[in-house]
Every structure is written in structure tokens, then in C-alpha cells.
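A short reminder: the numbers here are calculations on the coordinates, not readings from a lab. In this text, all values refer to a predicted model and were calculated from it rather than measured experimentally. Note that each Cβ is placed from the backbone with ideal geometry, even for glycine, and that neighbours are counted across all protein chains shown.
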Amino acid sequence: MAENKHDAVPDYQLETLAVRAGTARSQFNEHSEAMYLTSSFVFDSAAQAAARFSGAEEGCVYSRFTNPTVNAFQERLAALEGAEAGVATASGMSAIMALIMAHLSAGDHIVASNSLFGATLQMFNNILSRFGIETTTVSQTDVGAWEAAIRPNTRLFFLETPSNPLTEIADIRALCEVAHARGILVAVDNCFCTPILQRPLDLGADLVVHSATKYLDGQGRVLGGAVVGPKKYIDPVFTFLRTAGPTLSAFNAWVLLKGIETLQIRMEAQSARALQLAQWLEAHPKVARVFYPGLPSHPQHALAMRQQQGGGAIVSFEVKGARAEAWRVVDSCRLLSITANLGDTKTTLTHPASTTHGRITPEARAAAGISEGLLRVAVGLEAVADLQADLDRGLSLI
Ligand SMILES: *Cc1c(COP(=O)(O)O)cnc(C)c1O
């Protein structure tokens with residue numbers, strides 16, 4: 001797109017990057033980013049077609065691997081994460097798969113947090129294992145356990161912090177020191193914090209993955225994902241995507257690009273509401289325990305406040321009781337949405353033991369700390385008083 005005018009992106013702050021980075025204008029000089037719904041691009045000549053295919057000339061070829069709207073989303077997210085480069089994918093899971101396919105081979109070994117997103121753990125344990133890639137899972141919070149799990153063929157540390165649903169914090173800087181001393185790559189799933197609240201690359205991580213489906217969209221509309229990092233680590237991911245094809249559609253890229261424009265104000269507002277709700281829950285007589293990194297009672301509060309710009313928008317809590325009591329709270333809600341999604345402006349409520357963590361054995365669930373009385377709230381943008389009243393209706397029945 002040599003003819004396009006790009007808004008220059010010097011050293012702007014995050015909120016400026018969120019609305020300006022990656023903008024490329026066509027000959028019409030549109031102000032809002034255009035959406036390029038086209039599968040392929042036309043060349044001026046046979047020579048240009050050859051040059052575009054070989055990579056000798058920059059420009060779009062085919063939307064499986066080059067689309068201006070997708071490029072704009074990639075550039076904007078990379079700018080926010082302080083990354084040199086980024087590639088977009090069809091979903092968060094395809095971002096994780098592309099990262100693994102690009103950087104690991106049969107015979108390699110991964111050390112991963114045992115509290116990763118469920119589908120990520122299933123991919124590692126049930127799919128990658130069939131292709132000769134083994135995974136050892138360890139506690140997110142125990143740096144020594146990560147070090148002890150390293151084998152001569154360990155190639156990757158994979159973590160997600162804060163964890164879902166118990167909000168355990170991994171010390172990104174400490175884990176990077178352990179990994180880098182052995183030449184191991186560190187990838188962080190930054191879905192829960194987004195670059196507004198946490199920038200893993202600044203803390204030493206090599207690669208960041210996103211489920212853009214969550215806060216980057218922010219309004220529960222589309223699926224998407226991305227991997228960002230230095231160009232030398234992103235180029236192989238791009239090559240895999242170009243060949244294998246789980247790339248982002250231009251439509252979804254456009255929705256995500258506009259979603260990112262409000263990311264900063266949403267994350268700050270949702271995180272502030274989450275803190276208020278967590279404080280209220282902690283003082284509630286029918287609540288046994290609250291898990292929220294922004295509370296001083298969180299076992300890793302100090303680390304979280306060092307590493308993050310806020311507690312995030314996920315609050316989990318245990319009711320006094322078990323499944324029946326937790327379900328009573330869920331079923332008494334009229335405002336909170338009963339759904340497993342998160343990152344939406346609409347607050348969602350989940351009972352992990354019977355939904356997101358329902359397929360693992362009761363023993364594994366107990367070992368992971370997912371009790372029958374546990375509920376997870378992904379706080380949106382409603383008034384905190386309305387959220388409290390909705391939760392209180394069920395809590396008061398316990
Ligand atoms: C949702 C989620 C994913 C998977 O993303 P999809 O877009 O649903 O494929 C990965 N990691 C975390 C932390 C998530 O919450």
C-alpha cells in the first residue's frame with residue numbers, strides 16, 4: 001500500500017496509540033479506518049504480481065496473509081504492547097496454536113502453568129502430545145517448580161497471569177530470568193490485563209498472545225486473536241499462518257480496531273468497578289473468601305501491584321456453602337448474564353465447577369482450588385450498586 005498515508009506513531013502514550021496507531025488511509029482520505037472486504041488484490045502487471053508473490057515488493061496479495069484492515073489491527077495492538085511486530089489470528093486459540101507451530105517441533109518440551117485457560121491445557125495435553133511435544137504443568141506462583149521442571153529439550157514457558165478464575169499471579173520477571181538463563185522462550189497470554197494494565201514484553205517476556213475476543217473487542221461481538229513480539233519471533237508465526245490459514249477476517253479486524261479505541265477507558269473503569277465490588281464482597285457475611293489481586297488480602301497483592309497497573313476486572317468469590325448455594329446466587333440474578341464469556345461491557349457470572357472447569361475430574365478440580373461454592377464475576381460497565389443489589393438477592397437467601 002505504498003500510496004497510503006500512515007499516521008506517524010512516535011513515542012505517544014497508550015491512550016493516543018489506542019486511537020491512532022496503525023491507521024492507513026486510502027486515496028479517499030477517509031477519517032475512520034476503512035474495512036477492506038476483499039479476498040484478493042489486483043496487480044498492475046505480470047512483473048508486479050511476481051514481485052508481490054516473492055516479497056520483493058511490499059503490498060497485498062491475498063487476504064489469508066495480507067489485508068489492510070488486518071494490518072491496521074496488528075500494528076495498533078503491537079504498538080500498545082510495545083512490540084516490534086504482530087500477527088492477527090481467527091481466535092485466541094489459533095494464536096496459541098500458531099505460536100507453538102512456529103516455534104516448536106516434535107521432541108520439544110513446554111513448561112506451562114497448571115491454571116491456564118482450559119482449551120489451552122487441552123491443546124497442550126491432548127493434541128500437541130500426539131505430535132511429540134510434551135508439556136509439564138506447574139503452579140503459576142512457584143518459580144522453583146518451573147525451574148525444576150526444565151529438561152534439556154525445554155523450549156517454551158507458557159503462562160497466563162492473572163489466572164482464571166482464582167487470579168493467581170505469575171512473577172513474569174522472575175520466570176523470564178529462569179527461562180532466559182537456559183535459552184528458553186517465554187510466552188504470556190495477556191488476555192486478562194491487556195496492555196493497558198500489564199505489558200509482559202517490558203517485564204522480559206519474548207512473546208505475548210491475546211484472545212482479542214475478550215477485552216480488545218470489549219463488547220462481545222467477534223472472535224479474534226493475536227501474537228506480538230520482536231520481528232524475529234513473529235516472522236515464523238506469520239509464515240505458519242500464511243500457509244495454514246487460521247487468520248483473522250477483515251470484518252473482525254475492523255471491529256477489533258474500533259474496540260481498541262476505547263480499551264483504556266474501559267479497562268480503567270471496569271477495573272475500578274471490580275475493586276469496589278471485591279471490597280463489598282469481602283465484607284459480606286455470606287461470602288467466605290474473595291480472590292482479587294487489587295485487595296490487600298490477596299496473597300500476591302504486592303507483586304500484582306508492581307507488575308500491573310490495576311487489579312483487572314475479574315473477581316472470584318466463594319459463597320458460604322457449596323454448589324446449591326452458589327447456584328442460588330446465579331439463579332437469583334436478573335442483571336448479571338449467566339455466561340462463560342468475559343471482557344464484555346455487560347457483567348457476566350460463571351460457576352466454574354459446573355461449566356468452564358466441569359470436564360476435569362473432581363479431584364483435579366479440588367487440587368486446582370476450584371471449589372463448588374466458587375463464582376466468577378467478569379465485571380462490566382454497569383453501576384456497582386446495581387451489581388451489588390443483583391448479587392445480594394441470592395446471597396441473602398443463603
Ligand atoms: C478466551 C481465552 C482464550 C481463547 O480465546 P478464543 O478467542 O476464545 O479462542 C485464551 N486464553 C484466555 C485467557 C482466554 O480467556
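Descriptive notes on the structure:
- Note on the chain: with charges restricted to the Cβ of Lys and Arg (+1) and Asp and Glu (-1), its dipole about the Cα centre is near 660 debye.
- 10 Å Cβ shell holding at most 10 others, DSSP loop, GluC sites (Glu not before Pro): longest site-free stretch of the chain: 59-398
- Extension gain, HIS31-ARG323: 0.36 nm per intervening residue step, less the Cα-Cα distance, totals 99.9 nm.
- Per-selection Rg to Rh, the range 263-395 - Cα, Kirkwood hydrodynamic radius: 0.95
- Taking 25 °C and 0.890 mPa s as conditions, the range 78-160 diffuses translationally at an estimated 181 µm²/s according to Stokes-Einstein applied to its Kirkwood radius (Cα pairs).
- Across all Cα pairs in the range 187-322, the calculated P(r) in 10 Å bins from zero up to the longest distance comes to 11, 33, 32, 17, 6, 1 percent per bin.
- The C-alpha radius of gyration of the range 267-326, expressed as a fraction of 2.2 N^0.38 Å, stands at 1.15.
- Difference of contour (0.36 nm per residue) and Cα-Cα distance, LEU381 to THR239: 47.2 nm
- Residues ILE265 and ARG334, FRET efficiency given R0 of 25 Å [Cβ-Cβ distance, rounded to 0.05]: 0.40
- Calculated on C-alpha atoms, the gyration radius of the chain divided by its Kirkwood radius gives an Rg/Rh of 0.99.
- Contact order normalised by residue count of the chain, Cα under 8 Å, 6+ apart, percent: 16 percent
- Its relative contact order, with pairs defined as Cα atoms under 8 Å and 6+ residues apart, puts the range 193-250 at 27 percent.
- Segment PHE251..ARG182, full-extension length gain: 20.7 nm, with 0.36 nm per residue of separation and the alpha-carbon distance subtracted.
- By the beta-carbon count within 10 Å of each Cβ, the least crowded to most crowded order of ILE260, ILE265, ILE398, ILE234, fewest first, is ILE265, ILE398, ILE234, ILE260.
- In the range 309-353, the trypsin sites (Lys or Arg not before Pro) that fall in loop regions by DSSP, at most 10 other Cβ within 10 Å: ARG334
- If you take the Cα centroid of the range 303-336 and the Cα centroid of the range 22-70, the two points sit 45 Å apart.
- Between the range 189-217 and the range 80-94, the alpha-carbon centres lie 9 Å apart.
- Calculated FRET efficiency for the pair SER396/HIS301, C-beta based, R₀ 25 Å, to 0.05: 0.30
- The calculated FRET efficiency for the pair ARG289 and ARG64, based on their C-beta separation and a Förster distance of 51 Å, comes to about 0.60.
- Rounded to whole Hz, the Karplus (6.51, -1.76, 1.60) HN-Hα couplings of the range 22-38, x for glycine and proline: x, 5, 10, 9, 7, 5, 7, 6, 4, 7, 6, 4, 7, 10, 9, 8, 8
- Compactness of the range 317-389, taken as the C-alpha radius of gyration over 2.2 N^0.38 Å, stands at 1.11.
- Cα gyration tensor category, rounded, prolate or oblate, for the range 121-186 with a/c compared to 1.5: oblate
- The Cα center of the range 364-398 and the Cα center of the range 106-122 differ in position by 28 Å.
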